[in-house]
Amino acid sequence: MNSILSLFLLASTWLQTPPVASSNPARVGMDLDHVLVLVSDDRLMTAIEQLGFSVFGRVSQHQGQGTSGRYVFFYNGYLEFLSLDNAEEARANADRFGSDYAKRWTDLAHACPLGVGLRAKPFKPEAFPFPTHRYRPKLPGKKDHDHFYQMDLSNRVLTRPFVFVSQPGAEHPTIDHLTDLDVVSDLTTRTELKAAHSHRIGVKRITHVTFEVPSEVAETALVAFKTTQRLSVIRGNRCHVTLTFDKGIRGKVLTPLREYPLTLRY
């Protein structure tokens, strides 16, 4: 189990994530958990910090997957910068994962370097609006573990964002105020979490995420996103994501680094 998942599982015992309403009782309610941007170095994180965002100090190593993550937390979700550390390990994990995801870093001319993690209430994969398979990372020395994700079967299409649903209890805890974190008993962890949720530019919540995807793969993306709260898809000629914070009330638009398909509005 990676360190960031362990932190979220622990945090979920302190903070309850509100249920996601579904207008159709036969379907599962979906909501955004986090957005992933694939990176090859620290330049994007540095640019984000210079713009007034706080990057969480811990690096999460994804054992058996060949990747690692850095995080920017908000009150109701987070942004993950995903790095490829071991391409051989990633390729060996491709069948288990459900796609040759290492190509999302190595085939930049064609592959989409974006992903999205969702949360579901109730957690009933058979009722998800898109077909999935259960991915259990191969963790060294841990044959029996309960760490898993439900992966969208369309993730094999590398020209669209990859999609998965986080396991119950591993979603990002939702808070209303920083003082909600006072229930965290460990002082070091509480201090880190408060700092990570505090941004100099004052943003607090992700209120909408818009993915632009190539027209030829828009339908598979729409299947995953059309029933998900705070997510929308537009057709275009590229793969791009725009995160809107606090309903964009200040009218500010930021592009941290032009070579990365990420826009921030607040």
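Only the coordinates and a few stated rules stand behind these numbers; no lab work does. The model shown is predicted, which means the values in this text are computed figures rather than measured ones. Virtual Cβ from ideal backbone geometry, glycine too; neighbours counted across all protein chains shown.
Which value, in debye to the nearest 20, gives the size of the charge dipole of region 84-226 about its Cα centre, when Lys and Arg are +1 and Asp and Glu are -1 at the Cβ?
On the way: 20 positive and 19 negative charges, 28 e Å.
For this selection, approximately 140 debye.
Is the shape of region 129-266 best called rounded, prolate or oblate, per the rule: a/c under 1.5 gives rounded, else a/b larger than b/c gives prolate, else oblate, with a ≥ b ≥ c the square roots of the Cα gyration tensor eigenvalues?
Working: a/c = 2.11, a/b = 1.10, b/c = 1.93.
Verdict is oblate for region 129-266.
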Margin query: Just checking my list [x] 24, 22, 21; [y] 44, 21, 17; [z] 36, 19, 17 against semi-axes √(5λ) of the Cα gyration tensor in Å computed from this structure; which label fits?
Written below: [x]
Check: List the trypsin sites (Lys or Arg not before Pro) in region 162-266 that DSSP assigns to loop (not H, G, I, E or B) and whose Cβ has at most 11 other Cβ atoms within 10 Å. Which are they?
Finding: Arg200, Arg238, Arg258
Checklist line | Euclidean distance between Cα centres, region 166-203 to region 206-242, Å | finding: 28 Å
Notebook entry, point to check: Of the cross-linked pairs Lys103/Lys194; Lys121/Lys247; Lys138/Lys204; Lys226/Lys252; Lys124/Lys194; Lys124/Lys252, which ones have a Cα-Cα span greater than 31 Å in the structure shown?
Noted result: Lys103/Lys194; Lys138/Lys204; Lys124/Lys194; Lys124/Lys252
Notebook entry, point to check: For the pair Arg136 and Glu259, how long in nm is the line joining their label points, each one 7 Å along Cα→Cβ?
Noted result: 4.0 nm
Next item on the list: Can you check how the C-alpha radius of gyration of region 192-238 compares to 2.2 N^0.38 Å, as a plain ratio?
Entry: 1.58
Margin query: Neighbour counts of other C-beta atoms within 10 Å: give me Tyr101, Tyr75 arranged from fewest to most.
Written below: Tyr75, Tyr101
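For His34, His197, what's the fewest-to-most ordering of other Cβ within 10 Å of each Cβ? Can you show the working numbers first?
Numbers: His34 23, His197 20.
Ranked by crowding around the Cβ, least crowded first: His197, His34.
Give the Kirkwood hydrodynamic radius (Å, one decimal) of region 48-151, defined as one over the mean of 1/r across all pairs of different Cα atoms.
Working: mean 1/r = 0.0638 Å⁻¹.
Taking every pair of different Cα atoms in region 48-151, averaging 1/r and inverting gives 15.7 Å.
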Item checked: Value at 222 nm in deg cm²/dmol, rounded to 500, when DSSP H runs of n ≥ 4 in the chain each add -39,500 (n - 2.57) -> -4500 deg cm²/dmol
Check: Among Glu171, Glu49, Glu126, what is the fewest-to-most ranking by other Cβ atoms within 10 Å?
Finding: Glu126, Glu49, Glu171
Check: For region 203-266, what is the convex hull volume of the alpha-carbon atoms per residue, in Å³?
Finding: 81 Å³
Notebook entry, point to check: Dipole of the chain, Cα-centred, from +1 at each Lys and Arg C-beta and -1 at each Asp and Glu C-beta, to the nearest 20 debye?
Noted result: 480 debye
